[in-house]
Amino acid sequence: MKKLIYLLLIFVFSVQAQDMNIETAKEKNSRMRWWREARLGMFIHWGLYSIPAGEWKGSKGHAEWIRETAKIPLEEYDSLAGRFNPVKFNAEDWVRMAKNAGMKYIVITSKHHDGFCMFDTKETSFNITSTPFKRDVLKELASACRKLGMKLCFYYSIMDWHSPDYLPRRAWEVGRTASGADMNRYIQHMKNQIKELISNYGDIGVLWFDGEWEETWTKQLGDEIYKYIRSLDKNIIINNRVSKARSASEGISGNTACAGDFGTPEQSIPATGLPGVDWESCITMNNNWGYNKDDYNFKSVKEILHMISDISSKGGNLLLNIGPTSEGLFPEKSIDRLAELGKWMKKNGEAIYKTNASPFDSLPWGRCTQKKIKNTTRLYLHVFDWPKDGHLFIPGLENQPQSIYLLADKGKKLFAQKKEDGVIVTLPSKAPDDNLSIVVMDVKGKPKIISAPVINNEFGVFVDKYKVIINSKDTSGCQIRFTLDGSVPTSSSPIYKKPFEINNTTYVSARIFKNDLPFSPVSKTEIKKIDPQPSVEVQTPQPGLRYKYYEGDWTKLPDFNALKAIDEGVTPDFSLLPAKKSEKYGLVFEGYINILNDGIFSFSLESDDGSKMYLGNNLLIDNDYCHGMKEMKTVVALQAGLHPIRVVYFNATGASGLKISYQNSGRAKESIPGSAIFH
Ligand code: FHN
């Protein structure tokens, strides 16, 4: 009887799991396995925008957003479909270039924000079969991927500038009515297209959503679509942009309660790995996602290899972008970079594929990935800077290496010496690869690493006196010894017992000792004393900031002094004014910020779109140009009192936002309160 109940419970749970998309950790790990092991994929942004290739009626600097950034009326943009004829497109060539570059999956735009569908969809005639080319490129890519053993994945934009049902319209599309638009009908349209993409092209690895930031798309809708997709295909992987999990910059933090299987930092790499979090950095090879014929600013092979190394050492994937031409060709420089990448991956891919994040907090000369092989750990030491003296010091490694060799020359055994605070490997004078060389080291069991002590030096500078705090991970039975002149601590150096103050620029070094012998690497940091920026005298400061409100059409901050303000007045803080009437507007805030104590302040300026912050006569933060909510920070030393502050801001289209905060050394980050603002 018990067995029957047990079986019944398993059945109920599995049905419920299926319906609710609740899967066990084991099932999720199985579903994510190929993606986690892949580490490297190709992103392809291809569509009608490749025809203008970044230029429209003499205006340059555009790409896949050209319909928006060049404000092309719907009918005029749609007419590009009549010119789309990529006669040189060859799906197998593309897939072979991705494969030879060491990429394990391809994510291609099935539909970008412009709404043009690169596949044969029954949902709209605004698709590739209505072009002179007629052929369904996703179908051809699907068969090429099957033939050559590549995972095919589709990018799909939630935001759709073409669909009559999608809202909001673009702000400048004043002549295009929104009446009759029906977002519910649009969502059904989306579901129908998603079903086409999942059903008609064979095994699809990932549905890669984008364009989720507008207010008409909600967490609830995102979660609903996620469940819908998983009900169609229980193995497919879905990124976090299906819902509202993506915060501005990292693409990972934000609302983790939202649906989505992995985080999506864009054009950035998180500062550290995020244990237990799946994430993929999507990054362009040059400056644009879609093809721009004038964009020759391609990253070097070295930069690309170091990105792959940095990302995989933090447990993430790299999705590297190509923007093909309107003829259906990869740009020459993209082809070159792929070929160089492939040569390196052919010899060194073992250090990237199927690896896990580094066991080290950081390494002065590069990165590390690791693999468990039975009861051994294989460490892949990614050496960016080949040591001139031929000695590679691995700080804090306690394990006695079992074998060491160059991945590019496995026959050449290397020798290591266990030191009290780590391992020194003797390397050949010349690195096997000028861009990035891998040293392989096997250690028994798990790597045991003694981390160097941590000296608190949040901002690196102080104005009056500074409390030095030195911490170390649990190393019971040890002492921390330190020096204040930059010399390496010895067994006769003072023992750190509690925080102490310094009054001048000091080089603090610290090291862990056990039984009076060095036991960890050395930490060293300069803590610099600087003069604070002087405050200013203001006769009768009044609460609040002066503001001036402008309207206009900018892709970067204009010289507002040369423009006529539409509105001006005094506002209690930096919040965006309710008075704004247009989506495309600018603001200038001017006044004084009252600093209560001499100190070091970290200012943060986060905005969508561009902004700049001035303090006194200095440009403190430049966060200009069109972008989503993006934060930039800087540190400044200020004297107590009033300091002139000026913030300029513009919003181009879509979402808008401006957040200004500061953090005094040792205190939490906070928005600048109205009580600190005067004019
Ligand atoms: O607006 C898009 C952009 O065109 C591009 O597709 C990138 C790629 O991740 N995603 C959006 C910006 O976050």
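The values are calculated or read from the model by the stated rules, or taken from the named source; none is laboratory data. Because the structure is a prediction, the values reported are computed rather than measured. Cβ coordinates were reconstructed from backbone atoms using ideal geometry, including for glycine residues, and neighbour counts include every protein chain displayed.
Only a single item in (1) within 15 Å of the ligand (Cβ to nearest atom); (2) at pLDDT 95 or above; (3) touching a helix residue (DSSP H, G or I) at 6+ places or on another chain (Cβ under 9 Å) is not met by His62, and it is number (2). Restricting attention to region 227-248 and to residues that are in contact with an Asp or Glu (Cβ under 9 Å, 6 or more places away or on another chain) and in a helix (DSSP H, G or I), the residue that is nearest to the ligand (Cβ to nearest atom) turns out to be Arg241. The criterion of at least 1 residues that are closer than 23 Å to Val570 by Cβ and within 21 Å of the chain's Cα centre (by Cα) is met, among strands (runs of 3 or more DSSP E) falling completely within region 585-679, by 599-608, 611-615, 657-664.
Would you be able to say whether some residue in region 23-36 is assigned to a loop (DSSP other than H, G, I, E, B), away from the ligand (no atom under 16 Å from the Cβ) and modelled with pLDDT under 95?
Yes - at least one qualifying residue is present in region 23-36.
Among the residues of region 266-325, those that are charged (D, E, K, R) and more than 15 Å from the ligand (Cβ to nearest atom) comprise Asp278, Lys293, Asp294, Lys299, Lys302, Glu303, Asp310, Lys314.
For region 125-149, a residue qualifies if it is among the aromatic types (Phe, Trp, Tyr) and under 18 Å from His162 (Cβ atoms), and exactly one does: Phe126.
Residues that are within 20 Å of Val206 (Cβ to Cβ), touching a helix residue (DSSP H, G or I) at 6+ places or on another chain (Cβ under 8 Å) and at pLDDT 85 or above: does region 246-258 have at least one? The answer is no; no qualifying residue exists. Taken over region 650-670, the residue count meeting the criterion of being exposed (fewer than 14 other Cβ atoms within 10 Å of the Cβ), within 15 Å of Lys633 (Cβ to Cβ) and not charged (D, E, K, R) is 1. With respect to Ser487, is the statement that it is in a loop (DSSP other than H, G, I, E, B), on the phi < 0 side of the Ramachandran plot and free of Cβ contacts under 8 Å to residues at least 40 places away in the same chain true? Spelling it out, Ser487 is indeed in a loop (DSSP other than H, G, I, E, B), on the phi < 0 side of the Ramachandran plot and free of Cβ contacts under 8 Å to residues at least 40 places away in the same chain. No other residue among Lys446, Lys388, Lys430, Lys467 is modelled with pLDDT of 90 or more, outside any loop (DSSP other than H, G, I, E, B) and of a type in the set (Lys, Arg) apart from Lys467.
Look at region 186-203 and say how many of its residues are among the acidic types (Asp, Glu) and in a helix (DSSP H, G or I). Can you show your working first?
Of region 186-203, the ones among the acidic types (Asp, Glu) are 196, 203.
This time we only want the ones that are in a helix (DSSP H, G or I), so: 196.
Count: 1.
Tallying residues that are over 28 Å from Lys374 (Cα atoms), touching a strand residue (DSSP E or B) at 6+ places or on another chain (Cβ under 9 Å) and loosely packed, with under 14 Cβ neighbours inside 10 Å within region 423-449 yields 1.
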